[in-house]
């Protein structure tokens with residue numbers, strides 16, 4: 001006797017088909033995003049970073065005044081409804097300068113990290129892929145440079161080249177490049193011995209194709225995580241260098257230079273230091289929260 005195909009059975013089959021389609025559409029990127037969305041602190045950090053980017057893009061429309069509008073009759077006014085962060089020793093609106101500072105501190109830190117990872121990535125990729133003597137020579141040079149504390153190395157480069165954004169970016173990029181190259185090398189070595197690399201080599205894939213198409217994409221998880229934390233470190237370094245007078249100098253509204261200009265006012269007008277320091281803290285905290293969540297989301301052991 002033939003078994004009847006009931007509506008309930010049809011509904012079950014449809015549900016199975018939908019579930020099968022969802023499984024087929026799933027990808028490592030989507031799974032990582034799902035895990036990241038469940039991390040509330042990481043999403044909070046991401047939201048803060050997006051807000052900072054929007055502030056930097058639309059700074060001319062958000063800031064009530066220009067970067068260097070000096071009105072000496074209103075100097076050192078405390079926070080009020082007219083100036084929500086007060087004014088500095090030259091009568092400039094601190095809130096406006098903080099807003100414009102997002103166009104400098106965050107992008108400069110990002111550019112330093114990109115350059116450091118680009119330079120370190122080229123050397124690390126060659127070292128990890130070639131191995132042997134090439135790897136040994138490149139990494140011993142990295143060891144020599146890494147034996148110098150990065151901040152001290154950056155100070156030495158900046159002191160010899162002089163002040164300015166270009167020299168500051170060069171100093172921070174070169175001083176942090178050895179550590180970044182080690183991260184990339186370790187990530188590539190992790191995937192180098194996998195079966196798909198051996199298969200690509202067996203079918204005659206060129207060295208460049210093996211590296212760019214198979215190794216680097218599969219090593220991007222730890223590299224992206226390290227990149228996020230490195231941006232936070234670079235922003236702190238930029239602010240530190242500007243604070244000691246070897247980075248971006250006044251009247252450019254960089255948060256570190258604003259702290260340096262206001263350090264003499266700690267007793268009389270402490271709010272002039274609070275707000276730039278608070279912005280540095282919020283930015284670095286957001287990057288660290290997002291980096292922690294990204295590391296957990298990309299960790300293959302959590303799949």
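Assorted remarks:
- Computed over the range 99-302: relative contact order in percent, which uses C-alpha pairs under 8 Å that are six or more apart: 26
- Contour minus Cα-Cα distance for residue 72 and residue 264 (0.36 nm per residue): 67.3 nm
- Placing a pseudo-label 7 Å from each Cα along the Cα-to-Cβ vector at residue 159 and residue 110 gives an inter-label distance of 3.2 nm.
- Centroid-to-centroid, using Cα positions, the range 71-121 and the range 128-180 are 28 Å apart.
- Projecting label points 7 angstrom from Cα along Cα→Cβ for residue 143 and residue 44 puts them 4.3 nm apart.
- The order of 258, 279, going from fewest to most other C-beta atoms within 10 Å of their C-beta, is 279, 258.
- Shown for 260, 80: other C-beta atoms within 10 Å of each C-beta, ranked fewest to most, produce the order 80, 260.
- Going by neighbour counts of Cβ atoms within 10 Å, the residues 145, 95, 58, 117 line up, fewest first, as 58, 145, 95, 117.
- Averaged over residues, the count of other Cβ atoms within 10 Å places the peptides 184-195, 244-255 in the sequence 244-255, 184-195, highest first.
- Here the peptides 163-172, 133-142 are ranked by packing, the mean other Cβ count within 10 Å, and the order with the highest first is 163-172, 133-142.
Bear in mind that the values in this text are calculations on the coordinates, not laboratory data. What you see is a predicted model, and the numbers here were worked out from it, not measured in a lab. Ideal geometry is used to build each Cβ from the backbone, glycine not excepted, and the neighbour counts take in all protein chains shown.
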